[in-house]
Amino acid sequence: MGDDLGDIDLANPDSYVERVPFEWFEHLRHEHPVVWHPEASPNRGFWAVTRYHDLTKVHMDWETYSSEVGAVGLEELDDEQLEIRKSMLETDPPRHTELRKICSKKFSARGVGKYEDWIRDVARSVLDRALPLGAFDFVSEISRELPIRFLCSIFTVPHEDAPELITWGDQMIANQDPDISAAVVDRVNTEAYRLLPFRSPTALEVFAYADRQRDERLAEPTDDVITALTAAQSEGLLNDREFHNYFSLLMIAGNETTRHTISSGMLALMENPDQLRLLQEQPELIPPATEELLRWATPVLHFRRTATRDTELGGVPIAAGDKVVTWYVSANFDEDLFVRPNMFDVTRTPNDHVTFGPGGPHFCLGAHLARLETKILFQELLPRLGSIEMAGRVERIRSNFVNGIKRMPVRVTTR
Ligand code: HEM
């Protein structure tokens, strides 16, 4: 690594397997808040941005720090890949605004609020099935269930499809974990998939599924998200490829991230029994505590922008074309913004975390939904728990992008 970095290697997926290397981020925030970070070839390296206020600057100034001219992940894409793999995430205004509008009402506070009772019923049925098991994997029995079932509902696709959708989403996003995907991007040759999202062959199955759903909506339109995407395509707002990429984005973004918030939140509560007790004794604290669960979980480690002109950030010159990577997992623990950031405090207020992004046009479309799902799950779960403890080792996903738990064996008693 470079002189300023010592052993620090933020790009290596292995760096996150045991745990997030928080001490690296703390060191960078204090000593080198904007620093050049080399990468293995064929990538050329990036600026690592680790302080809260610098992240905000980057995300608010989309004209200088574009989502469109490069990509939004560490992988460097050529023009053909960029064009073919482009979704709303990889566009700047005004095109981004057009694309986001297609679905934004469905994901507004009012749009998702309509589902509150329904989400509560699903959460109860998930818990009714899981808790009597006594000892089980919290991820597969609880965290994984709620987000995917909700997606099935707003997509109005059969709930029997949920396991397949989960597998597809996992294989695409966890494309660095050999336990989850056969096409591990940094270990096998994935050149044949270079034009697919996440360089994943699974994308083809998702596209075929999306086509079947679109054909059904063309025959019989409903009020769901896929009908909104189908109508946008009929009106010429989306071409075939953009339809596929939009569908995949929603499926992936809406599934895995919320799952990890729920798992990491539960882990934090097990590790901090006083905080768990507090929420059980005062359940009215659960809605505001959801923000601390989200901060603590930070399921997305970073996103990337590309500089469109020579500029300066934190006193460091950035050249046009440079990759600029903003580390949410660092900003969420920045001492300049959070008092005692390494303390898990469910009463923390204010709690201006950047888990959904630090603002700007790409602020997470699903933030209302993720908050609602997390809040309801804990509101339903905590009053029913007599005790909960770890019953094995927590296993984390091998990824430099997703901060996630793949297995968490627990033992519970109920009240
Ligand atoms: C705790 C759960 C979630 C986390 C941590 C999360 C995180 C994020 C982040 C950090 C971004 C910003 C990307 C950027 O700046 O380039 C984002 C964007 C996005 N998220 Fe989420 N997300 C979550 C849940 C969801 C859900 C439930 C959905 C619903 C389908 C969703 C859909 C999206 C979409 C479509 C975008 C792109 C927005 C745009 O480019 O304008 N997310 N998310």
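Looking at Lys106, Lys101, which is the one that is farther than 27 Å from Val410 by Cα, exposed (fewer than 14 other Cβ atoms within 10 Å of the Cβ) and either within 15 Å of the ligand (Cβ to nearest atom) or of a type in the set (Gly, Ala, Ser) (or both)? So that I can check it myself, show each step before the final result.
Numbers: Lys106 fails: exposed (fewer than 14 other Cβ atoms within 10 Å of the Cβ).
Only one candidate qualifies: Lys101.
State which residue pairs qualify: first residue closer than 18 Å to Ala228 by Cα and polar (S, T, N, Q) and inside region 79-100, second residue within 9 Å of the ligand (Cβ to nearest atom) and part of a loop (DSSP other than H, G, I, E, B) in any location, beta carbons under 8 Å apart, and separation of 6 or more residues or different chains. Note: pairs meeting the criteria are Thr97/Pro361. Tell me yes or no: at least one residue of region 113-124 is under 20 Å from Leu372 (Cβ atoms) and outside any helix (DSSP H, G or I). Among the residues of region 113-124, at least one is under 20 Å from Leu372 (Cβ atoms) and outside any helix (DSSP H, G or I), which makes the answer yes. Within region 363-415, the residues that satisfy the criterion of being polar (S, T, N, Q), over 29 Å from Leu89 (Cα atoms) and in contact with a helix residue (DSSP H, G or I) (Cβ under 7 Å, 6 or more places away or on another chain) are Gln379, Thr414. Of the residues making up region 259-287, just one is touching a residue at least 40 places away in the same chain (Cβ under 8 Å) and outside any helix (DSSP H, G or I), namely Asn272.
Restricting attention to region 33-68, which residues are in a strand (DSSP E or B) and not aliphatic (A, V, I, L, M)? Across region 33-68, the qualifying residues are Trp36, His37, Phe46, Trp47, Tyr65, Ser66. Close contacts from region 389-415, counting a first residue that is surrounded by fewer than 15 Cβ atoms within 10 Å (Cβ to Cβ) and a second that is of a type in the set (Asp, Glu), with Cβ to Cβ under 6 Å and a gap of 6+ residues or different chains, come to Arg411/Glu389.
The lone criterion from (1) in contact with a Gly (Cβ under 7 Å, 6 or more places away or on another chain); (2) within 30 Å of Thr311 (Cα to Cα) left unmet by Lys105 is number (2).
Quickly run through region 119-135 and pick out the residues that are within 15 Å of the ligand (Cβ to nearest atom) and either out of contact with any Asp or Glu (no Cβ under 7 Å at 6 or more places or on another chain) or basic (Lys, Arg) (or both). Once the filter is applied, which keeps residues that are within 15 Å of the ligand (Cβ to nearest atom) and either out of contact with any Asp or Glu (no Cβ under 7 Å at 6 or more places or on another chain) or basic (Lys, Arg) (or both), region 119-135 yields only Val122.
Within region 308-333, which residues are away from the ligand (no atom under 16 Å from the Cβ), assigned to a loop (DSSP other than H, G, I, E, B) and more than 24 Å from Glu90 (Cβ to Cβ)? Talk me through it step by step, then tell me what you get.
If we filter region 308-333 for residues that are away from the ligand (no atom under 16 Å from the Cβ), which is where we start, we get 309-322.
Next cut, assigned to a loop (DSSP other than H, G, I, E, B) only: 309-310, 314-315, 319-322.
Passing the criteria: Gly314, Gly315.
Of all residues in region 375-392, those that are over 19 Å from His260 (Cα atoms) and assigned to a helix (DSSP H, G or I) total 2. Here Ala320 passes the criteria (1) surrounded by 14 or more Cβ atoms within 10 Å (Cβ to Cβ); (2) hydrophobic (A, V, I, L, M, F, W, C); (3) within 18 Å of Val69 (Cα to Cα) except the one numbered (1). Based on this model, can you work out whether Leu237 counts as touching a residue at least 60 places away in the same chain (Cβ under 8 Å), closer than 25 Å to Gly111 by Cβ and surrounded by fewer than 18 Cβ atoms within 10 Å (Cβ to Cβ)? Here the answer is yes, as Leu237 does meet what is asked.
We did not get these values from a lab; they are worked out from the coordinates using the rules stated. Remember, it's a predicted structure, so these values are computed and weren't measured experimentally. Here the Cβ is made from the backbone with ideal geometry for all residues, glycine too, and neighbour counts use every protein chain on show.
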